[in-house]
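Here is the structure we will look at.
The values are calculated or read from the model by the stated rules, or taken from the named source; none is laboratory data. In this text the structure is predicted, and so the values were computed from the model without any measurement. So basically every Cβ, Gly included, is an ideal-geometry build from the backbone, and we count neighbours across all protein chains shown. What goes into the accessible areas is simple: the full protein's heavy atoms, side chains included, and nothing from ligands, DNA or RNA. Shrake-Rupley method; radii C 1.70, N 1.55, O 1.52, S 1.80 Å.
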Amino acid sequence: MGFMASRIPGSEAARTAVMLGVATVVAQAILLREAMAAMGGSETAWGLVMALWLAGMGAGARLAVRGGSTSVARGLPVAVLVLCAAGIVLFRAAPALLGATPGETLTTLRAAWLWALAVAPAAAAGGAAFPLLAGELGSGGPGRAYALEAIGALAGGLVLTAILLPLGTAAALLVTTGVVAGVLLLPRHRVAAAVAAVACLGLALPANGVLARATWEWSGRPGSLGGWAETRHQRLAVSEGAPTALYANGRLRATVPDPYGTELRAHLVMLLHPEPRRVLAVGSAADGSLAAMVRHPVDEILAVEEDPELIDRLRAWYGPDFRALLDRPGVRTLTTDPLRAIAEHRDLDLVVLAGGDPTTLRANRTRTLEFFRSCRSAMTPSGMLVLEVGVSDTYLGGMAGHLVDVLAATLKEAFPRITAIPGERILLVAGAERAELTTAPAALAARLAGRPGLAEALHPALVRMLVDPERQGPLEARVLAAEAPLNTAAHPHAVLVAASLHEARSSRSLVRLGAVLERHSPTPLLWGLAVAAAVLAAVAASPRNPVRAMTVAAVIGFSSMGWWLLLLATWQATRGSVYAEVGALTGLFMAGVAGGGWLGLRRRHGHWVLPGLLGAGVVLSLLVASGAPARLPIPVVPCLLLLGGGITGAAFPRLGELAGEGSGRRGAGLAFAADELGAAAAALLVGTVILPWAGLPASALGLAVLGLAALPAALRR
């Protein structure tokens, strides 16, 4: 079918562009959540998946420039969602396909080929639709298509976050498919539109259970599925019967009850303080520690779980004993972010930080110098903090030892005294100025003897075995002498180290890369920027408008993804997890893209449009680097996201005109491909390496330098 014979009306093209925005944002968000769940939330994996998505979009757009019937564009939004469903199946079946053991978190490189198969096809379908539709929208087609797609993405993102995701992944995808198919079919085939919508809506809720049971089987977990839930924070599943195994995002979180492991460790933690009257414990409700902690003479235990839905689920899954435990006087469950919890309470005797290592910026929030200082401010003068580290004291070489050093050095900056207890998971113990910090077995046994009713749970002879003085002495000497970069919100050194350890099972080269980066300052970043500036200077000398336009588009795409990453990282570090708020924050960015796109259409012929927007981007990068978003996150982060989206959207109409040289379809495809590939590079580099290595200020300054380097290419007529 020829191009001219397959044209679609402009109004239909506009409607399809909006539905394309809805489909792509829903597919991207769902696949991103699936990847995070499959890989335990690893930001290395997150960056890879985002890079694959954006690269797929760019590749699809570039291919569509060369050919393709515009009538195909009508069905591509639905194709995006269908291919997304195939991607979900691949992510869920990954443990079986890769031979993972039950509860094992899949590493990034080990599964890279599978992630590509899961993500790239849906992204390529979305990217291919863009230039096909832009060519049918008349004058200013690239800018109109960009703005219309952004409007659809804004609507889809907000509805997905507020309404659809609580229904479950399968239901959210099917409801979206029904709506998109119905809207696209309605003008021509009303009966087919109704059938498609009703079929998808009818299958939505039953599909959740089918997918959950299939996921359990593909994961090879022992026993039968007893319950499951998809919350705004994570994907949960539990086994049937007792003991109950709880899996969070594919990882074994706890086995309840566990009297020979978790509960013994919890008793030891409580014995470290002579009188733990007020205790704040993060993660101790889900992992089963709470049952042991309440047996000690406490007045109040504040059990903090970030996921608001988790406690209610655990009440049903862990049974009547757990419900009675939560209903005991003095036990309070706080379903809030740990940063907010510690800021709202004072006179704490003991703070317990359980959970995994800081392999992500989200997990790193409770491992930073700022958080440790907040804990110190919330304690009594004799208060203590106990931090669990997922490293065994039997091997402290390489990055494992460096992680302990980073966390120990950071604790020493916030607390006057520190020690450590050996084990498969080391306990770092920090004390305030009047804390009775001791790990002597005799002293701990004496405390045990003074607490009635505990001898049956923890025999005095076990105390020495749990502390193991022969191993404790060398470990304590190690942490007291630890010298390493401090782990802060702006410079999250622990993330790079912990992520490197996590990835060690799939690639030793990543561990070596992490070690090299940790040993060097961000000087290589400056060399990289110098090379990028030289390349951009050479491009500026090119007489061809398409080459210059695509280069500027790639820089703007890289910068826009960089702003988004840095601003979300700032929000996460200051306000808590963005998992539940990412839809709204991304919606603000897309609102800026839509508004900027419409404004850019009116100025798309102006020579000073691109230089002015690049200059605005430099100012935005400097504002991020200044620390203003961290000091005032609530007003500043949303405003800067809106501004960043506006710059991105306003630049695209001009870039499309220059890249196409009169051809709307060609210009849209080339500019969109360059924009998406630039954003893909930023997702991979900034999100996974540069931010945790160089820190937020240096990363933002790098974006400013990149924008300045692109100015000559934008200024040349």
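Values computed for the structure shown
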| read-out | value |
| --- | --- |
| Relative contact order, percent, the range 178-227 [alpha-carbon distance under 8 Å, six or more residues apart] | 27 |
| Contact order normalised by residue count of the chain, Cα under 8 Å, 6+ apart, percent | 17 |
| Residue range of the chain that is longest and free of GluC sites (Glu not before Pro) which are both DSSP loop and sparsely packed (at most 11 other C-beta within 10 Å) | 1-343 |
| Helix 43-66 axis, angle to the chain major axis (alpha carbon atoms, nearest 10°) | 10 |
| Karplus (6.51, -1.76, 1.60) ³J(HN,Hα), θ = phi - 60°, over the range 221-228, in Hz, Gly and Pro reported as x | 6, x, x, 10, 5, x, x, 8 |
| Average accessible area per residue (Å²) across the range 365-470 - probe 1.4 Å, nucleic acids and ligands excluded | 38 |
| Solvent-accessible area, 1.4 Å probe, carbon plus sulfur percent, for the range 438-499 | 64 |
| Karplus-derived HN-Hα couplings along the range 270-287 (A = 6.51, B = -1.76, C = 1.60, θ = phi - 60°), whole Hz, x at Gly and Pro | 5, 6, 5, 9, x, 9, x, 6, 10, 10, 10, 10, 9, x, 7, 6, 6, 7 |
| HN-Hα J in Hz across the range 309-325 - Karplus 6.51, -1.76, 1.60, θ = phi - 60°, x for Gly and Pro | 8, 5, 4, 5, 5, 5, 4, 7, 7, 7, x, x, 5, 5, 5, 5, 4 |
| Fraction of accessible area attributable to carbon and sulfur, the range 283-371 (%, probe 1.4 Å) | 46 |
| C-alpha long axis of helix 469-480 to longest principal axis of the chain, angle in ° | 50 |
| Separation of the Cys639 and Trp113 label points, Cα + 7 Å toward Cβ, nm | 5.1 |
| Residues with amide H under 5 Å from that of Leu348, placed H, sequence gap 5 or more | Met379, Thr380 |
| Helix 169-185 axis, angle to the chain major axis (alpha carbon atoms, nearest 10°) | 10 |
| Calculated diffusion of the chain, Stokes-Einstein form, Kirkwood radius summed over Cα pairs, 10 °C and 1.306 mPa s, µm²/s | 59 |
| Rounded accessible area of Cys375 (nearest 10 Å², 1.4 Å probe) | 0 |
| Cα-derived Rg to Rh of the range 223-360, Kirkwood definition | 0.94 |
